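Here's the structure, in structure tokens; my notes come after.
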Amino acid sequence: MKKMRVAIYDEDAEYSQRLMNYLNGKYGEQIDATAFTKKEHFVREVADYGFDCVVSTDVDQIGPIPFVRICDEESEEGYYRYGSAKVLAQKLIDRANPKLQTMMLSGKMIAIYDVSGSYDRTRYAIQKAKEIQGIYIGLEEFCSLQTDDFWMEELVFLIRERDEDICHQLEEHLQWFEGLKVLPSARCYLDYRYMEFEDYEWFIQKLSEEQSRPMIFDIGSACLSDFQIFSLFDYIFFLTHECEEKKRQESIFLQLLSYEIPDIREKLIFVPEEEYLA
């Protein structure tokens, strides 16, 4: 089994070293941990040498890499600094277990996003929806699914009107695509131009209350009026690229997103090319 490469950085260098020694000593068959004493070395090495996960108090400069945040208070998402290192090891192992991740997605609101806006995002969103038996909701710039029924254009109107029967109507207008229930995108991103954060917030809250199946939103950049919309989702699957130009785009996007929503990285799941192109 391939070992999970983990980078560790904490302002307390001794603490980082103890975590590294514990992980390598107790879980050496599954985890290969490296501790860093200087932040600039940590940031550079993580960017250059392909770590699978980062453990740190400060993750704002690490780019699109999964992480576990070291917290000074107990947190379900992070790792409590004074807790058992065994808990940290289990969090790391769980992150490497895709079946467990799939189980965690049940009944959730999930966004699929890619800064490049390619059809790879839509293909992966459909694949993920099938995998977790969810419902696909299209928010593409231009609809790519074969359909003559663009009810999404009516749905946008109903959302803005706060129609209380919206979930029932949505269920009635779902279509079948390759054995999956889908709501295709509007024909053009201009149909979403009047949709504001409060509209998405109301709609996603209604879905959370009335839908038991996970909802997978295939999100194109042109369909978003506000970065804050990402905060409404339970998870964001962020497709990453090997191309240097696209990496720069991803880095800019993540910096802006983290500025707008400081705790957003807790919701991000990074998807490498080899996974979504497989």
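Straight-distance candidates among the aspartates and glutamates for linking to Lys181, with alpha-carbon spacing under 17 Å and chain neighbours fewer than 8 residues away dropped: Glu131, Glu140, Asp148, Asp149, Glu171, Glu172, Glu210, Asp218.
Thr34 contributes about 50 Å² of solvent-accessible surface, heavy atoms of the protein only, 1.4 Å probe.
Comparing the stretch 148-218 with the 2.2 N^0.38 Å rule of thumb, its C-alpha radius of gyration ratio is 1.07 (two decimals). For the stretch 132-254, the convex hull spanned by the alpha carbon atoms encloses 125 Å³ per residue. Which pairs, out of Lys3/Lys91; Lys108/Lys206; Lys91/Lys130; Lys3/Lys86, put more than 21 Å between their alpha-carbon atoms? Over 21 Å apart, Cα to Cα: Lys91/Lys130.
For the stretch 187-278, the average shadow cast by the Cα convex hull is 7.4 nm², which is a quarter of the hull's surface.
So what is the 222 nm mean residue ellipticity for the chain from helices alone, if each DSSP H run of at least 4 adds -39500 (n - 2.57) and you divide by all residues, rounding to the nearest 500 deg cm²/dmol?
Counting only the DSSP helices, I get -11500 deg cm²/dmol.
Calculated on C-alpha atoms, the gyration radius of the chain divided by its Kirkwood radius gives an Rg/Rh of 1.00.
Taking the DSSP bridge list for the stretch 125-278 and keeping only pairs wholly inside it, about 25 percent are antiparallel. Between 0 and 90 degrees, the angle of helix 244-260 with respect to the longest Cα principal axis of the chain falls at about 80 degrees.
Relative contact order for the chain: what percent, with Cα pairs under 8 Å and sequence separation of 6 or more?
20 percent
Taking the Cα atoms of the stretch 229-278, the ratio Rg/Rh between the radius of gyration and the Kirkwood radius comes to 0.99. Computed with a 1.4 Å probe over protein heavy atoms only, the accessible surface of the stretch 160-278 comes to 51 Å² per residue.
Computed from Cα positions, the angle between helix 119-131 and the longest principal axis of the chain comes to roughly 90 degrees.
If R₀ is 25 angstrom, what is the calculated FRET efficiency for the pair Glu201 and Asp58, using the beta carbon separation as r and rounding to 0.05? E(calc), rounded to 0.05, equals 0.25. The distance linking the stretch 243-278 with the stretch 33-78 is 15 Å (Cα centroid to Cα centroid, whole angstrom).
For the stretch 123-251, the share of accessible area belonging to carbon and sulfur comes to 45 percent (1.4 Å probe, ligands and nucleic acids excluded).
At 0.692 mPa s and 37 °C, plugging the Kirkwood radius over alpha-carbon pairs of the stretch 20-77 into Stokes-Einstein gives what diffusion coefficient in µm²/s? Mind dumping the intermediate values first?
On the way: Rh = 12.5 Å.
Once the numbers are plugged in, D ends up at 263 µm²/s.
To the nearest ten degrees, helix 13-26 and the longest principal axis of the Cα atoms of the chain are 80 degrees apart.
The values are calculated or read from the model by the stated rules, or taken from the named source; none is laboratory data. Note that the structure is a prediction, hence the values are computed from the model and not measured. Every residue, glycine among them, receives a Cβ derived from its backbone with ideal geometry; neighbour counts consider all protein chains shown. Ligands, DNA and RNA are excluded from the accessible area calculation, which covers all protein heavy atoms including side chains. Shrake-Rupley method; radii C 1.70, N 1.55, O 1.52, S 1.80 Å.
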